[in-house]
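What follows is a short report on a single structure.
The values are calculated or read from the model by the stated rules, or taken from the named source; none is laboratory data. Model, not experiment: these values are computed from the prediction. Here the Cβ positions follow ideal geometry from the backbone for every residue, glycine too, while neighbour counts run over all protein chains shown. What goes into the accessible areas is simple: the full protein's heavy atoms, side chains included, and nothing from ligands, DNA or RNA. Shrake-Rupley method; radii C 1.70, N 1.55, O 1.52, S 1.80 Å.
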Amino acid sequence: MSNIVVLVKQVPDTYSERKLTDDDFTLDRENSDAILDEINENAVEAALKLKEADGSRNIIVLSVGPAGATSALRKALSLGADEGILVTDDALAGSDALGTAWTLSNALNQVEDIEIILAGNASTDGGAGAVPGLLSEYRQIPAVTNLRSLAVEGGKVTGERVTEDGIFTVEAPTPAIVSVTEKANTPRVPNFKGIMAAKKKTIRELGIGDIGVAAENVGLGAAATKVTASAPKAEKTAGEIVTDEGNGGVQLVEFLAKQKLI
């Protein structure tokens, strides 16, 4: 049986207040509601469709995060994934994309017969979209990114990538790392049966020592990127009302020009 590994992430709910801590500018997790990143649901859905096309595939969801990230994994399991792995360790706090990808790459060594690694094209809390490319480098496997469609057959992954220059059909041999966009599919909604089944599915928790990652290579101290300052989001202000007395069009153009919108 081949394995599909889906990378998932617990992120702050976009509808809740999100802010950074005052000392090291890392995410203030205690004051934000945590959920499974929405783009991860597209990645799980892509995996489920591949499994439905070939029942010999097994879906493992993998995450790096705090102990509470099990709730995000349970959500993915309720959608239909088979098992989960969570790498959680105090030493990981403050890791950037490089440290996270290094941890994920080492955690993937715990899984045999990987056919494909699936991810969303970018997380909603970071938006860098760097992890698939980093994993490609760390593991020396192809990366096929930003796909709106996906098929895996005969030891090859194919899909459509949409760019500003057009639509391109891309392909690579497996194993490969693939990222999908929100256009790739419509994620299914977990039903009661799936939610109850998820409670019985296995989530294996690992520390960095279990996967051979040294503490000095991860965490805030090892981060190659850092936030040095932050400011609260500006409060919304009332818009400007233009009274048309025959010159409304001119006023509108002047306003747009002032805002550098034209």
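Quick notes on this structure:
- Calculated [θ] (222 nm, deg cm²/dmol) that DSSP helices of n ≥ 4 give over the chain, each run adding -39,500 (n - 2.57): -7500 deg cm²/dmol
- Top positive-direction residue, dipole computed over the stretch 210-262 with Cβ charges, set I241, S230, Q251: S230
- Cα-based helix-to-principal-axis angle, 70-79 vs the chain, degrees rounded to 10: 80 degrees
- Degrees, to the nearest 10: 38-53 long Cα axis against longest axis of the chain: 40 degrees
- Surface accessible to a 1.4 Å probe, L261 within the full protein complex, Å²: 120 Å²
- Relative contact order %, the stretch 65-192, counting alpha carbon pairs below 8 Å whose residues are six or more apart: 24 percent
- Relative to one another, the C-alpha centroids of the stretch 67-132 and the stretch 191-207 are positioned 16 Å apart.
- Dimensions of the stretch 33-76 based on its C-alpha atoms, expressed as ranges along the principal axes with the largest first, amount to 35, 17, 13 Å.
- Positive minus negative residues near L147 (Lys, Arg vs Asp, Glu; Cβ under 13 Å): 0
- GNM top mover of A198, A107, A128 - the chain, alpha-carbon springs below 10 Å: A128
- Accessible area of the stretch 2-217 divided out per residue, in Å², using a probe of 1.4 angstrom: 49 Å²
- When a 1.4 Å probe is rolled over the protein heavy atoms, the share of accessible surface on the chain that falls to carbon and sulfur comes to 50 percent.
- Where S71, S95 fall by accessible area, highest first, once all protein chains stay in place (1.4 Å): S71, S95
- Annotation for K258 and T228: the two label points, set 7 Å from Cα along the Cα-Cβ direction, are 3.4 nm apart.
- Over the Cα atoms of the chain, the radius of gyration divided by the Kirkwood radius equals 1.06; this is the Rg/Rh ratio.
- Value of relative contact order over the chain, rounded to a whole percent, pairs C-alpha under 8 Å and six or more apart: 23 percent
- The H on the amide N of L147, modeled in the peptide plane, is under 5 Å from the matching H of S179, V180, T181, each at least 5 residues off or on a different chain.
- Principal-axis analysis of the Cα atoms of the chain puts helix 248-258 at an angle of about 60° to the longest axis.
- Projecting the Cα positions of T202, V178, G154 onto the charge dipole of the stretch 148-207 (unit charges on Cβ atoms of Lys, Arg, Asp and Glu, taken about the Cα centre) puts T202 furthest along the positive direction.
- About the centre of its Cα atoms, the chain shows a dipole size close to 700 debye [charges on the beta carbon of Lys, Arg (+1) and Asp, Glu (-1) only; nearest 20 debye].
- For the set K75/K193; K75/K233; K49/K183; K75/K156; K49/K193, the pairs lying more than 24 angstrom apart at their alpha carbons are K75/K233; K75/K156.
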